[in-house]
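Trainee: Have a look at the structure that comes next, please.
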């Protein structure tokens, strides 16, 4: 049975992550457990966005990824989403992950830049269980990346 863990010190000099939600798994609907964190801008104590980590080791991880994020337009362009993902890395490692899948819509250039700044690379057939994953990603118009976090 899955057990959520406590993470109280996810911060750097610019942002801190505060727990927003712990979404319980729903086996019937195929939902994995998920943490949601608000991204807080330390200088002005503003909630500037959100980052989610799906604790998923099923086939869904290849299609939907482990991380999703968003930053308020007023704070865009400062790499806060990338910095939040780097902080989430500790959560993933604590749950035993060595790599994370992160997806981006074909037309979401800002998201792709964020993912690439993390050092993630586009997935290949060697990273997924079968070619049907690629067909589904193409159908969803999703670029999927893999981020090796245990180096």
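Trainee: Can you name the residue in segment 134-151 that is touching a strand residue (DSSP E or B) at 6+ places or on another chain (Cβ under 8 Å), more than 24 Å from residue 93 (Cβ to Cβ) and outside any loop (DSSP other than H, G, I, E, B) and, of all such residues, is modelled with the highest pLDDT?
Mentor: Ranking the candidates gives 143 first.
Trainee: Condition first: outside any loop (DSSP other than H, G, I, E, B) and either within 17 Å of residue 75 (Cα to Cα) or modelled with pLDDT under 95 (or both). Now tell me which residues in segment 21-33 satisfy that.
Mentor: 23, 26, 31
Trainee: Do we find that residue 44 is loosely packed, with under 15 Cβ neighbours inside 10 Å and assigned to a loop (DSSP other than H, G, I, E, B) in this structure? Even if it seems obvious, please write down each step before you answer.
Mentor: On the way: loosely packed, with under 15 Cβ neighbours inside 10 Å: yes; assigned to a loop (DSSP other than H, G, I, E, B): yes.
Against the criterion (loosely packed, with under 15 Cβ neighbours inside 10 Å and assigned to a loop (DSSP other than H, G, I, E, B)), residue 44 qualifies.
Trainee: Here's a follow-up. Mind telling me which of the residues 12, 45, 8 ends up being more than 21 Å from residue 137 (Cβ to Cβ), out of contact with any strand residue (DSSP E or B) (no Cβ under 6 Å at 6 or more places or on another chain) and at pLDDT below 95?
Mentor: Details: 12 fails: at pLDDT below 95; 45 fails: at pLDDT below 95.
None of the other options fit; the residue is 8.
The rows are residues; the columns are (1) in a loop (DSSP other than H, G, I, E, B); (2) under 23 Å from residue 8 (Cβ atoms); (3) modelled with pLDDT under 90; (4) touching a strand residue (DSSP E or B) at 6+ places or on another chain (Cβ under 6 Å).
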site: 39; (1), (2), (3), (4): no, yes, no, yes
site: 57; (1), (2), (3), (4): yes, no, yes, no
site: 63; (1), (2), (3), (4): no, no, yes, no
site: 78; (1), (2), (3), (4): yes, no, no, no
site: 82; (1), (2), (3), (4): no, yes, no, no
site: 103; (1), (2), (3), (4): no, no, no, yes
site: 112; (1), (2), (3), (4): no, no, no, yes
site: 119; (1), (2), (3), (4): yes, no, no, no
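Trainee: Determine whether segment 17-36 contains at least one residue that is crowded, with 16+ Cβ neighbours inside 10 Å, in contact (Cβ under 8 Å) with a residue 60 or more places away in the chain and farther than 22 Å from residue 148 by Cβ.
Mentor: No; the residues of segment 17-36 include none that is crowded, with 16+ Cβ neighbours inside 10 Å, in contact (Cβ under 8 Å) with a residue 60 or more places away in the chain and farther than 22 Å from residue 148 by Cβ.
The values are calculated or read from the model by the stated rules, or taken from the named source; none is laboratory data. Keep in mind that this is a model prediction, so the values were computed, not measured. Note that each Cβ is placed from the backbone with ideal geometry, even for glycine, and that neighbours are counted across all protein chains shown.
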